Every structure is written in C-alpha cells, then in structure tokens.
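*Asks:* I have a structure I would like to understand better, so I am pasting it below and will then ask my questions one at a time.
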Amino acid sequence: MARPDPHSFRDDTQPVVGHLSWDVRADFRTRTLDAVAELRLRSAGATRRAGGLLDLDTRDLTIVSVTADGADAAFELGPADPVMGSRLRIALPAAAAAVRIRYRTSPCSTALQWCSPEQTADGTHPFLYSQCQTIHARSMLPVQDTPAVRFSYDAALQVPAGLTALMSASAAGPGERGFRFEQRQAIPAYLLALAAGRLERREIGPRSTVWAEPSQLAAAAWEFAGVEQILATAEKLFGPYAWARADLLVLPPSYPYGGMENPQLIFLTPTLIAGDRSLVTVLAHEIAHAWTGNLVTAASLDHFWVNEGFTIFAERAITTRMIGRDLTELRAAVGRADLEADLRYLAGQPELTRLRLDLSGIDPDVASSHVALEKGYLFLRAIAESAGAERFLGFLRDYLAAFRFGSVTGEEVVAFARERLPGAVDYDEWLYGSGLPAGAPAVSSPLLDAVVAIGQAAPEPDVAAAWSADEWQVYLAGLGPPVPAGLLAELDSRYQLTASSNPEILRLWLTAALNSGYTAAVPAAVDLLGRVGRLKFLKPLYDALARNPDTRVLAQECFERSRGRYHPIAVTVIGARLSQADGSR
Ligand SMILES: [Zn+2]
C-alpha cells in the first residue's frame with residue numbers, strides 16, 4: 001500500500017471514486033447536512049476483483065450506515081487526527097461497483113459556514129456556503145480528499161423554502177428532492193462547492209450569470225461586467241474553456257478568500273465590489289484557474305505552487321492583453337511586496353518558503369502564504385524571460401494539453417520544462433531553494449517606477465489626483481515599515497486613507513500604519529476586522545496588532561469578539577498566528 005498524498009488516507013492500491021451521487025438535506029436549525037453519498041468505484045485492480053479495503057477521508061462526520069453493492073458492509077472509523085481527520089475504512093466485497101454511505105456532518109464542519117441573517121449583506125435570510133480547499137471536503141462528505149483523484153457528480157440539495165441552492169455544477173432543474181445539479185467533468189474533491197441563500201441572478205455575459213443577495217446584485221453586475229472579455233482573452237491564450245458556464249456568486253463578508261475557482265460557479269468576496277472595477281484582477285485569477293488548477297491540478301498541497309504560480313502567471317498574461325503591461329506590472333509589484341512581507345514573517349521557517357513543500361503533519365491552511373502564488377509566478381516569469389514570451393506560451397499550451405484533466409507534481413512540471421526549455425533557469429534552485437533566488441525577475445515599468453521613485457515622501461496632490469487604485473496600492477505597499485509618524489499623519493489628513501472605501505487600499509494603509517505605531521488607525525482596523533473575514537485582510541492586521549505590546553491584548557479581544565462571524569478556516573489560521581505571536585514574546 002502507498003499513501004502518496006500526505007493529507008489524505010487514500011491508498012493508491014485501492015479503487016478510486018469515479019462518480020459521486022449526493023443526496024443532501026441542509027438543516028439550518030441544527031447546522032448539519034443530513035446526507036447519502038453514493039461513490040461509484042473505478043479501476044478494476046486486483047484488490048477490487050478480490051474484495052478488499054476502501055479508505056476514505058472524513059472529519060467530524062457521524063456515519064449512520066454503509067452498504068456496498070446494496071449489502072451491509074463492515075466499516076471502521078479511525079481516531080481523529082488534528083490535521084487529517086479520521087480514516088473511514090470500508091470492507092469491500094469482490095468486484096464492488098459502489099458504496100453508499102448515510103451520514104451527518106457536524107455543526108463545526110470545517111468546510112461549512114452557517115451564517116445567521118445578521119451575517120449577510122441584506123440581513124433577512126440565513127446563508128450557507130462551503131469552502132473545500134484545502135482539505136475540507138472531508139468534513140462535508142466521506143471521500144478520497146486528494147487532488148490526485150477526480151470524479152464527476154450529480155446532487156440533490158434540499159434547502160428551506162425561500163432560499164436558492166447553487167453548486168459547482170450545471171443546474172438540472174428542481175426535482176422532488178430539492179435543487180438538482182450535474183457536473184459531467186471529473187473534478188478533485190476540493191472543487192466541490194455548495195451555497196444556499198436569498199439569491200437573485202442577472203445575466204452579465206453569454207455564459208455568465210452573477211448571483212448575489214438582492215441589495216448587492218446591481219453593484220456586482222456592474223463590477224464584474226467584464227467577465228466575457230476575460231474569458232475570451234483567456235481562450236485566445238490557453239485554448240477553449242472546458243467548463244460550459246462561468247457563473248459568479250457573491251458571498252457574505254465572512255468569506256475567507258478573495259475568490260475560489262469552483263467550476264462553473266466562481267465564489268467571490270464582496271470586498272471586490274469597490275465601485276471602480278479596480279479589483280477584478282481577482283476575477284481574472286479565478287477564471288485563469290479554469291485552466292491552471294482545475295484542468296491541470298497539483299497532485300497534493302506539497303505542490304500547491306503548480307496551481308497558484310501558474311494561475312498568477314496566467315492572470316497577468318490575461319490582464320497584460322486587456323489593460324496593458326504597465327498596469328499589470330503595478331499589480332505584480334503589489335504581489336512582490338506581499339511575498340516579501342510573507343518571507344519576513346516566515347524567516348524562522350525557511351522550509352515553508354520553498355516551492356516544493358513537505359507538509360506532512362502540518363495544517364496546509366496555516367502554512368499557506370504568498371510563496372505558492374508569487375514565488376511560483378516569478379519562477380515561471382524567469383523561465384519566460386529566458387526562453388522568450390512566445391516560446392513560453394507555446395510551452396504553456398503543450399503543458400495544459402499534456403496533463404489535461406490530470407494531476408501533476410512540481411517534479412513532473414520541472415521535468416517537462418527541462419526537456420522543452422533546457423537551461424532556461426536553475427530549475428533545482430527555484431524548486432527546492434528557500435527564499436528568492438538572487439536572479440529573480442525584477443518587476444518594472446514606467447508607471448511603476450514613477451510611483452516607486454516617490455519612496456517615503458507624500459505624493460504631490462496633482463500626482464495623487466491622477467492615481468488609480470493600483471498606483472495607491474503600489475505606493476502604500478512600498479512605504480515601509482517603519483514609516484515616519486509625521487508622514488502617516490500627513491497622508492491621512494491629505495488623502496483620508498483611514499476612510500478609504502477601496503478595501504485593498506484600506507488593507508495596505510492600515511497595515512503600514514499599524515506596523516509603524518500610528519495609533520489613530522487602530523479603530524478603523526478593529527472595525528474592518530469586525531466586518532470582513534477575508535484572510536488577506538485578517539492576517540496582516542492581526543499580525544500588526546499582536547506584534548505591538550500596546551495592542552496585543554486588543555488583538556486577542558477583537559478575535560474573541562469576531563471569531564463567531566468568521567469562517568472556520570479563518571478561525572484556525574488566525575488562532576494559530578495569534579498563539580504563535582504570543583509564544584514569541
Ligand atoms: Zn488561486
């Protein structure tokens with residue numbers, strides 16, 4: 001037997017799940033899913049012919065019954081590992097074709113957030129949504145929760161009257177047992193997704209509908225109106241879109257990420273609705289994942305850069321064609337600053353700054369940083385700059401064709417690149433080295449250089465008046481710390497940054513201000529931490545508050561007060577960071 005994924009009990013000598021039929025009732029009163037998962041098994045290996053075992057991943061599930069091909073099957077639920085959850089081991093009869101598991105989820109399922117009406121934008125109805133990446137699908141259903149296994153699915157999802165249910169799949173029309181869905185393409189478990197809330201829809205493109213709570217619908221439709229242009233640009237670069245629809249769903253403010261590339265139904269944080277279309281980069285990112293990540297998938301979280309580095313590269317290839325190189329470089333500069341902040345944070349754990357990780361026994365959410373995204377991007381950019389842009393684009397298309405609907409390790413990617421683009425870069429240094437290689441590509445453009453040249457001075461009013469949100473972000477990301485108190489006060493009084501309505505500007509401003517001891521920004525930071533649950537905002541702000549002895553207690557109090565509003569993933573990640581800050585005092 002072999003367990004190739006350090007975060008899954010899947011044994012690669014056993015049969016694999018090829019199709020899921022999922023029958024789910026969402027009980028908002030008990031905050032549980034009452035469900036039956038039928039897993040159809042593929043691969044008629046020796047084990048399956050002779051009968052044998054099937055090991056599945058679960059977390060906090062109550063297993064009611066298990067049958068295999070219609071007859072009761074013996075099963076054993078193992079002890080709960082804090083990172084992995086519990087192994088569900090099922091004894092299979094000879095040549096078993098399917099197992100059927102009746103079970104209930106726990107109210108503290110790590111995938112699911114059951115929002116009360118007060119936690120939604122409109123405040124009228126409850127809202128349920130899932131976030132299965134990284135290893136949370138197992139808290140929603142028993143499954144081989146590794147990106148190396150892909151399955152198609154159909155589902156029936158019952159939700160209370162007045163709520164609309166959506167999944168990462170095509171709607172198959174309402175049936176007797178609630179909303180019905182079908183995903184014909186094989187996906188890894190982390191791309192399974194569901195949501196239910198008081199939702200309305202608006203068409204914003206020939207293959208795109210945006211779903212949102214009624215009060216946010218018009219603003220969301222305006223903000224994301226460019227979706228078809230992004231799709232068309234991506235198709236020109238990477239080939240046909242494989243997922244039929246590209247619908248969008250705006251989540252409640254507690255959503256822990258910017259977006260999630262769930263097939264056919266991209267999840268987006270409402271913090272992207274800035275009113276100026278300045279943050280649709282995230283939409284380009286999630287659409288790019290339709291190729292890099294969803295079509296070709298990292299084999300495990302030890303190779304997460306294979307999803308994220310390729311996707312940042314693809315996102316910037318798309319935006320370069322849509323808004324030009326100059327503006328795209330501004331965004332790459334903000335990404336570089338985020339990466340450098342994470343490299344500083346991880347200075348004592350250099351093994352987490354490698355692209356090739358070894359996360360055995362480590363919670364992948366807690367270990368997650370900009371390294372997979374931005375160092376992965378710089379790796380690919382280094383190859384592209386060495387090999388030439390056109391040649392690299394050809395390589396990228398060959399890569400997508402070669403591994404389509406499959407999963408790959410970083411080693412396999414590098415072997416593929418070495419063969420086609422030999423000597424382009426020092427592949428081993430990029431894959432296995434910690435930190436950034438000395439010759440990492442420099443981000444530069446005339447627009448960017450003009451902002452960077454201002455350094456730690458306040459921009460002149462006529463200069464700032466002409467700035468886009470991107471230029472403000474680059475400026476703030478490059479400010480410090482430490483930033484002189486006088487400059488912070490001057491910037492704030494001149495440009496009202498503490499009151500900025502652009503969440504990215506606010507995040508960078510508050511981070512710079514808190515890291516430099518500018519206490520006037522503390523109330524705004526606490527207010528933001530109470531309103532949103534996006535980890536990109538929570539991490540730097542909680543870190544900054546916890547680092548400063550004057551606000552350390554406030555950070556803990558703010559977390560205790562707000563944690564009930566955060567998604568379980570955000571609670572785990574921020575809880576771990578605060579106790580680490582506490583321990584390093
Ligand atoms: Zn991504």
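The values are calculated or read from the model by the stated rules, or taken from the named source; none is laboratory data. Because the structure is predicted, anything quoted here is derived from the model rather than measured. Positions of Cβ are generated from backbone atoms using ideal geometry, with glycine treated the same way; all protein chains shown enter the neighbour counts. Just the protein is used for accessible areas: all its heavy atoms, side chains included, with ligands, DNA and RNA removed. Shrake-Rupley method; radii C 1.70, N 1.55, O 1.52, S 1.80 Å.
*Asks:* Return the loop-located chymotrypsin sites (Phe, Trp or Tyr not before Pro) in the range 350-405 (DSSP other than H, G, I, E, B) with at most 15 other Cβ atoms within 10 Å of their own Cβ; answer none if there are none.
*Replies:* The qualifying sites are PHE405.
*Asks:* Rounded to the nearest 500, what is the 222 nm mean residue ellipticity of the chain from helices alone, with -39500 (n - 2.57) per DSSP H run of 4+ residues and division by all residues?
*Replies:* The helix-only estimate for the chain comes to -11500 deg cm²/dmol at 222 nm.
*Asks:* Label the range 262-327 by shape, choosing from rounded, prolate and oblate, from the square roots a ≥ b ≥ c of the eigenvalues of the Cα gyration tensor; if a/c is under 1.5 it is rounded, and otherwise prolate applies when a/b is larger than b/c, oblate when it is not.
*Replies:* oblate
*Asks:* While we're on this one: Between the range 180-219 and the range 565-582, what is the C-alpha centre distance in whole Å?
*Replies:* 28
*Asks:* Run through the DSSP bridge list for the chain and note the antiparallel percent, rounded to the nearest 5.
*Replies:* 80
*Asks:* Keeping the other protein chains in place, figure out the carbon and sulfur percent of the accessible area of the range 276-415, with a 1.4 Å probe.
*Replies:* Solvent-exposed carbon and sulfur of the range 276-415 make up 53 percent of the total.
*Asks:* Then there's this: To make sure I understand the rule: partners must be aspartates and glutamates, Cα under 13 Å from the Cα of LYS536, and not fewer than 8 residues away in the same chain. Which ones qualify?
*Replies:* Those aspartates and glutamates meeting the cut-off are ASP338, ASP342, ASP365, GLU504.
*Asks:* Would you mind computing, in nm to one decimal, how far apart the modelled labels at ASP81 and SER215 are, each placed 7 Å from Cα along Cα→Cβ?
*Replies:* About 4.4 nm separates the two model spin labels.
*Asks:* What ranking, highest mean first, results for peptides 288-299, 437-448 when packing means the other Cβ atoms within 10 Å averaged over each residue?
*Replies:* Ranked from most to least packed, the peptides come out as 288-299, 437-448.
*Asks:* Could you tell me how far the Cα centroid of the range 503-538 sits from the Cα centroid of the range 1-32, in Å?
*Replies:* Between the Cα centres of the range 1-32 and the range 503-538 lies a distance of 38 Å.
*Asks:* Now, a different point. Taking LYS236 as the anchor, which lysines have their alpha carbon closer than 28 Å to its alpha carbon, excluding any fewer than eight residues away along the same chain?
*Replies:* LYS375
*Asks:* Another question about this same structure. If the range 452-539 were replaced by its equivalent ellipsoid, with semi-axes equal to the square roots of 5 times the Cα gyration tensor eigenvalues, what would those be, largest first, whole Å?
*Replies:* Its equivalent ellipsoid spans semi-axes of 20, 14, 12 Å.
*Asks:* Same structure, new question: Can you bin the range 42-201 into rounded, prolate or oblate? Criterion: square roots of the alpha carbon gyration tensor eigenvalues sorted a ≥ b ≥ c, rounded for a/c under 1.5, prolate for a/b above b/c, oblate for the rest.
*Replies:* Here the range 42-201 falls in the prolate category.
*Asks:* Under a 1.4 Å probe, what is the accessible area of the chain per residue, stated in Å²?
*Replies:* 37
*Asks:* Could you work out how far the C-alpha centroid of the range 367-386 sits from that of the range 115-129, in angstrom?
*Replies:* Taking the Cα centre of the range 115-129 as reference, the centre of the range 367-386 is 37 Å away.
*Asks:* I'd like the per residue volume of the convex hull spanned by the Cα atoms of the chain, given in cubic angstrom.
*Replies:* It is 144 Å³ per residue.
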